[in-house]
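Working notes, structure below.
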Amino acid sequence: MKPWDGGKNLHDTNSGADLKVGYQHLGAAQALAFVRERDNLPNGDLDRTHRQQAVIDYVIWKLEHEGVLSSFNQVTSLLDVAKKYVITDSDWQILDFATEMHALTGRNLTFQTLPIAGYQTFHLGGTAEDANVIDVPAIQAEVKQAFTAPATPGGKKSQPGKTVTYPLSATTVDVYNAGYTGGLAANVSAGLVTAGFIKGQVANTAIQSTTEVLYGSGAAAKANAAKIAALFGVTAQAGSSVSAGHVKVVLGTSATLPSFSSLSPGSAASPASSSSPSTSATSAANNGAAGGVVSVSSNARYGIPCVY
């Protein structure tokens, strides 16, 4: 568990969660409370989804380490139960998949949570209901990108593993708070440093509504700026006044603390949607990250990713 807002995410009256920072063994009641909590999480429903993914990751790790996934008979029995509750494509052969499940360990598994465009309150029968607003074309494009290899100039699809990546430690990040949330720049900077970036300037600046991610010269700064921009659902831009090898983050009034899980090794940042929430929707500038990737770092115990 990672703390947020002074540990606000560790306790929740509605779900009954009573947790602590770091790894801990949860009994049945607290495990259920852990996956049900949403009220005190920085990204609400989407962080609850990340918690559920972390539990699934652990269950798979546990099954693998108890030899279940390497036993065809046990896997077949497990999947027979799963078929009663899991909907799959009509042409997906679940028994063929059973022979491959031994490779389904945490470090071979990545969870993708699609981003939302914002939040909106709907009034149904006199009751106000909060809901996540999705951008359907953006979701369709993101799913297509995830399952389609990009084409090269010669018309051939590129081969996996050819993408050039740069270590986060090659980039220094300066974070400025242009909003009203006290301490937000410091918290964002701390999250980026924990992920692997070099800490730069942290300060307040003139109030502005939009969040900006600007990068200085250098291929690493440009590539890593895109990863940071995805945390806030914006597009990184070149900044003429930004130092070489630096990224400048200006947090607008709608910015909130994102999840940094998509910056884990081996994760790919989700592209920002070009569309904006409807005028009646509350802005959710951090949903690129909230939607992003949950994956297991190389030093994770029990195959569990760290979540809020």
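Filter segment 21-67 down to the residues that are surrounded by 14 or more Cβ atoms within 10 Å (Cβ to Cβ) and either in the same structural domain as Ser261 (by TED's automatic domain parsing) or among the hydroxyl-bearing types (Ser, Thr, Tyr) (or both) and list them by number.
Thr49, Tyr58
Write out, first by first residue and then by second, each pair whose Cβ atoms fall under 9 Å of each other, whose residues are 6+ apart or on separate chains, and whose first residue, in segment 56-82, is within 18 Å of Ile304 (Cβ to Cβ) and of a type outside the set (Asp, Glu) while the second is surrounded by fewer than 12 Cβ atoms within 10 Å (Cβ to Cβ) and at pLDDT below 80.
Sorted first by the residue in segment 56-82, then by its partner, the pairs are Leu69/Ala103.
In contact with a strand residue (DSSP E or B) (Cβ under 6 Å, 6 or more places away or on another chain), at pLDDT 60 or above and more than 18 Å from Ser169 (Cα to Cα): is that true of Pro305 in this structure? Can you show your working first?
Values: in contact with a strand residue (DSSP E or B) (Cβ under 6 Å, 6 or more places away or on another chain): yes; at pLDDT 60 or above: yes; more than 18 Å from Ser169 (Cα to Cα): yes.
Yes: the conditions hold for Pro305.
So for segment 259-281 (the condition being at pLDDT 80 or above, in contact with a helix residue (DSSP H, G or I) (Cβ under 7 Å, 6 or more places away or on another chain), crowded, with 19+ Cβ neighbours inside 10 Å and more than 18 Å from Thr171 (Cα to Cα)), does at least one residue qualify?
Yes, segment 259-281 has at least one match.
Working carefully through the options Gly239, Gly200, Gly216, find the one that is touching a residue at least 24 places away in the same chain (Cβ under 8 Å), in contact with a Phe, Trp or Tyr (Cβ under 7 Å, 6 or more places away or on another chain) and not polar (S, T, N, Q).
Gly239
Within segment 169-187, identify whether any single residue is more than 18 Å from Tyr215 (Cβ to Cβ), touching a strand residue (DSSP E or B) at 6+ places or on another chain (Cβ under 7 Å), at pLDDT 90 or above and surrounded by 20 or more Cβ atoms within 10 Å (Cβ to Cβ), and answer yes or no.
Checking segment 169-187: at least one residue is more than 18 Å from Tyr215 (Cβ to Cβ), touching a strand residue (DSSP E or B) at 6+ places or on another chain (Cβ under 7 Å), at pLDDT 90 or above and surrounded by 20 or more Cβ atoms within 10 Å (Cβ to Cβ).
Restricting segment 123-133 to residues that are under 26 Å from the mean Cα position of the chain (by Cα) and without any contact (Cβ under 8 Å) to a residue 12 or more places away in the chain, which is farthest from Ile56 (Cα to Cα)? Before you say what the answer is, go through the steps one by one.
Looking only at segment 123-133, we keep the residues that are under 26 Å from the mean Cα position of the chain (by Cα), and these are 129-133.
Still in the list and also without any contact (Cβ under 8 Å) to a residue 12 or more places away in the chain: 129-130.
Values: Glu129: 28, Asp130: 26 Å.
Checked segment 123-133; the qualifying residue farthest from Ile56 (Cα to Cα) is Glu129.
Quick one: in segment 177-209, which of the residues that are among the β-branched types (Val, Ile, Thr) and touching a Ser or Thr at 6+ places or on another chain (Cβ under 8 Å) is farthest from Ala221 (Cα to Cα)?
So the residue we want is Thr181.
Of all residues in segment 218-232, which are outside any helix (DSSP H, G or I) and at pLDDT below 90?
Gly218
The values are calculated or read from the model by the stated rules, or taken from the named source; none is laboratory data. Being a predicted model, the structure only gives us computed values, none of them experimental. Reconstructed Cβ throughout: ideal geometry from the backbone, glycine too, with neighbour counts over all protein chains shown.
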